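Notes follow once the structure below has been shown.
Every number here is computed from the coordinates shown, using simple stated rules; none is lab data. Source: prediction; values computed, not measured. Every residue, glycine among them, receives a Cβ derived from its backbone with ideal geometry; neighbour counts consider all protein chains shown.
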Amino acid sequence: MPEALDMGKHALYVWGSFGATALFMIAEPLLLRARSRNIKKRIARMTRLDQEVNQ
Amino acid sequence: MSSRFINWFKFSSPATFYPLAGKIAWVSTLIAVVLIAIGLYMSFFVAPTDYKQGEGYRIIFVHVPASWMSMFLYVVMAGWAALGLVFNTRLSAMMAQALAPTGAMFAFLSLWTGSFWGKPMWGTWWVWDARITSELILLFLYLGYMALRSAIDDPRRGDRASAILLLVGVVNVPIIYYSVKWWNTLHQGSTIKLNEESSMDDTMLLAMLIMTLGFWAYSIAIAMVRVRTIILERERSSKWVKQLIAGEN
């Protein structure tokens, strides 16, 4: 590990803070992408059903 | 004459804003990634060790940006809510809705990182001090707003009710900001002051500002992607949404 990343006795606190922040800021876009894909799939399904009913 | 002005109301329609939001999201993502990478590098490799707090002070590089964003996003949401109430535009309420989870996340991270900073420096994870308690209230306001929205089935009624809650809650933001001045708190005073020189090393200050701008760009990117999702969810029965999705598949 580079010397600059050695937090000494504060390692738990520094990495606990940066770790939680990283976790949330990576998880949020991933969850959002899943939500966006779901709604697009739902709309596509609804449109297909509409077309089938109309035929 | 009128051609010199941008017709902002044009973009208040979800259908015209949807593609624009997609473009803004891409640019903001790029800016966020670059700024946060530079900010993190500076936080660990450039900023010097603090003479008093040792390495522990580095928590400031996520704590302060997260806290600022939690307050700033709330004010922006209240601004959108006010616009929505005045002009009765659907998109304004959608924008407020799109920012809420990110604001709540930053309020939570502010408390979490503050707690991880408080333990080594003050010897306690939590204290009912004015700054910390008012920030906790901010988190509850975010959660209350989201709960109220999802509890009302009619989206337009939900927009109005939650807009009023947002506007009432905005009084908490100056309380958080000035709490360290108004009351005796364990929390330290502001490091950055508007009318005085800051009490911080220049590289520390720069790293913190770059991280803040990075979090800002992140919030814009997330809000734009989320508002697109909300538009699709709320306008799913409209013709333009169906055509758009059919065109993508």
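Computed values, structure above
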| quantity | calculated |
| --- | --- |
| Trypsin sites (Lys or Arg not before Pro) restricted to region B:22-93 and DSSP loop, no more than 15 other C-beta within 10 Å | B:K52 |
| Vicinal HN-Hα couplings computed from phi for region B:10-16 (Karplus, 6.51 cos²θ - 1.76 cosθ + 1.60; Hz; Gly/Pro x) | 4, 7, 7, 8, x, 5, 7 |
| D (Stokes-Einstein, µm²/s), Kirkwood Cα radius, chain A, 0.890 mPa s at 25 °C | 164 |
| Largest-first principal axis extents of the Cα set of region B:21-248 (Å) | 63, 36, 32 |
| Shielding by partners, peptide A:46-55 (average Cβ within 10 angstrom, other chains) | 2 |
| Approximate spin-label separation B:T124-A:K9, in nm, with each point projected 7 Å along Cα-to-Cβ | 2.1 |
| Cβ crowding within 10 Å averaged over residues, with B:25-32, A:31-38 ranked highest first | B:25-32, A:31-38 |
| Distance (nanometres) between label positions extended 7 Å along Cα→Cβ at B:K23 and B:D201 | 4.3 |
| Local net charge near B:A221, Cβ-Cβ under 13 Å (Lys/Arg +1, Asp/Glu -1) | +3 |
| On Cα atoms only, tilt of B:155-169 relative to the major axis of chain B in degrees | 30 |
| Computed Rg/Rh of region B:1-70, alpha carbon atoms with Kirkwood Rh | 1.26 |
| Cβ-based net charge around A:L31, under 13 Å, with every Lys or Arg adding one and every Asp or Glu removing one | +3 |
| Selected from A:A27, A:Q51, A:L5, residue furthest toward positive end of dipole (chain A; charges at beta carbon) | A:Q51 |
| Exposed GluC sites (Glu not before Pro) absent: longest stretch of chain B, with sites in DSSP loops and at most 13 other Cβ within 10 Å deemed exposed | B:1-195 |
| Mean Cβ count within 10 Å, highest first, over the residues of peptides B:200-207, B:102-109 | B:102-109, B:200-207 |
| Theoretical FRET efficiency, 1/(1+(r/R0)^6), r = Cβ-Cβ of A:L23 and B:K239, R0 45 Å, to 0.05 | 0.65 |
| Orientation-averaged projected area, Cα convex hull of the protein assembly as shown (nm²) | 20.2 |
| FRET E, pair B:Q188, B:D153, Förster distance 51 Å, beta-carbon r, rounded to 0.05 | 0.65 |
| Pairwise FRET efficiency - B:K10 versus A:R48, Cβ, R0 = 41 Å, nearest 0.05 | 0.80 |
| Local electrostatic count at A:L5 - Lys and Arg +1, Asp and Glu -1, tallied over other residues with Cβ under 15 Å | -1 |
| Peptide-level mean, for B:212-222, of C-beta atoms on other protein chains within 10 Å | 1 |
| C-alpha long axis of helix A:11-54 to longest principal axis of chain A, angle in ° | 0 |
| When region B:38-94 is reduced to its Cα atoms, the Kirkwood hydrodynamic radius in Å | 14.0 |
| 0 to 90° range, to nearest 10: angle between helix B:130-151 axis and chain B longest Cα axis | 20 |
| Neighbouring partner chain Cβ atoms per residue of B:98-107, average, 10 Å criterion | 2 |
